[in-house]
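First the structure, in the form of structure tokens, and then the observations on it.
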Amino acid sequence: MFSAVQKNSYFFRRIAFVPAYKPPGQDDFQKLRDFLRKHDKYLILTGAGISTESGIPDYRSEEVGLYARSNHKPIQYQEFVKYPKVRQRYWARNFVGWPRFSSIKPNATHYAIRELEKIGKVTAVVTQNVDRLHHRAGSENVIELHGSGYVVKCLNCPYEIDRFELQEILLKMNPSMQASINMIRPDGDVELSKDQVEQFKTPLCPVCEGPLKPDIIFFGDNVPKERVEKVRNQVSASDAVFVLGSSLTVYSSYRIILQAKEENKQIAVLNIGPTRADDIVDLKISTKCGDILTDLTNSICT
């Protein structure tokens with residue numbers, strides 16, 4: 001690996017939804033290996049930057065993030081709750097995008113994290129992602145900070161349904177729905193025409209006829225208190241925090257770093273580009289996770 005890295009370290013690479021980055025050097029590898037070897041129990045916090053390597057775009061990456069490639073804004077919680085037309089648009093887009101979104105596979109970073117779990121180094125994997133790729137890679141103690149697109153719940157009663165099961169229902173409700181998928185979004189939806197959206201039949205709860213919502217923390221919503229407390233306990237049970245692929249922009253992830261600092265935990269960040277916590281973490285490496293984590297894991301696990 002390193003002969004190639006050293007030879008090409010002055011090039012900046014770009015891969016699909018991964019922003020331009022400088023490949024890791026020997027010094028980056030050594031610093032991260034020392035960090036991982038030094039600590040016995042670390043909490044791993046992951047963000048959209050690891051899922052981009054599987055083909056799911058993030059929101060904020062320069063030039064390749066959703067904000068840079070379109071004028072699309074993410075769904076707002078209050079708008080979803082208040083307006084049937086907003087729910088119709090969301091579910092139409094999500095329905096068309098679901099087959100592709102749900103078929104995306106874990107990448108080397110997800111599997112490397114699983115290997116660290118196997119040797120008992122990881123207290124928990126806290127992820128901001130809603131794609132369940134950690135689960136598909138075999139990770140066991142995963143806390144989905146922002147929920148999951150794989151579960152759908154009623155806003156008015158306890159009813160919930162598996163997203164795959166709901167897809168079958170939506171297929172029967174909308175047999176003629178078709179679209180050309182040009183740009184999948186971070187939460188799995190796609191762009192549709194106004195006519196396609198208006199023709200779409202929105203799902204309702206079969207128990208109370210209330211609105212259905214994916215179990216995702218939309219923008220403007222709050223992470224449930226019990227989930228926040230569970231994460232806090234896992235941070236306290238760890239002796240370090242390792243951040244992978246997150247800019248730590250949203251407070252729900254940034255407060256994990258603040259807690260770790262308050263408890264004198266060491267923090268390492270592996271992420272392309274700046275993060276909100278760059279000035280307070282102990283180690284920051286700016287490169288693609290998949291280019292370095294597998295070799296790091298092999299060096300720790302052997």
**OP:** Any chance you could count how many residues in the range 115-144 are assigned to a loop (DSSP other than H, G, I, E, B) and not hydroxyl-bearing (Ser, Thr, Tyr)?
**Re:** 12
**OP:** List every residue pair whose Cβ atoms sit under 7 Å apart, with the two residues 6 or more apart in sequence or on different chains, where the first one lies in the range 137-162 and is free of Cβ contacts under 8 Å to residues at least 24 places away in the same chain and more than 20 Å from ILE75 (Cα to Cα) and the second, anywhere, is polar (S, T, N, Q) and in a strand (DSSP E or B).
**Re:** VAL142/THR127
Original post:
Got at least one residue in the range 106-118 being at pLDDT below 95 and either among the polar types (S, T, N, Q) or closer than 25 Å to ILE272 by Cα (or both)?
Top reply: no
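Does the range 280-295 hold any residues that are small (Gly, Ala, Ser) and either without any contact (Cβ under 8 Å) to a residue 60 or more places away in the chain or in a helix (DSSP H, G or I) (or both), and which are they?
Within the range 280-295, the subset small (Gly, Ala, Ser) is 286, 290.
Across the range 280-295, the qualifying residue is only GLY290.
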Subject >> Every residue from the range 215-264 that is closer than 12 Å to GLN128 by Cβ and either without any contact (Cβ under 8 Å) to a residue 40 or more places away in the chain or hydrophobic (A, V, I, L, M, F, W, C) (or both) >> reply: ILE216, ILE217, VAL223, VAL231, VAL243, LEU244, LEU248, VAL250, TYR251, TYR254, ILE256
Subject >> Selection count, the range 191-221, where residues are at pLDDT below 95 and loosely packed, with under 12 Cβ neighbours inside 10 Å >> reply: 3
**OP:** State which residue is surrounded by the most Cβ atoms within 10 Å (Cβ to Cβ) when the search covers only the range 229-279 and only residues that are assigned to a loop (DSSP other than H, G, I, E, B) and hydroxyl-bearing (Ser, Thr, Tyr).
**Re:** SER246
Subject >> Qualifying residue in the range 225-235 (condition: at negative phi and touching a helix residue (DSSP H, G or I) at 6+ places or on another chain (Cβ under 6 Å)) >> reply: yes
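The values are calculated or read from the model by the stated rules, or taken from the named source; none is laboratory data. The shown structure was predicted, so the numbers you read here are calculated from the model rather than taken from an experiment. In this analysis, Cβ positions are derived from the backbone assuming ideal geometry, glycine residues included, and neighbour counts consider all displayed protein chains.
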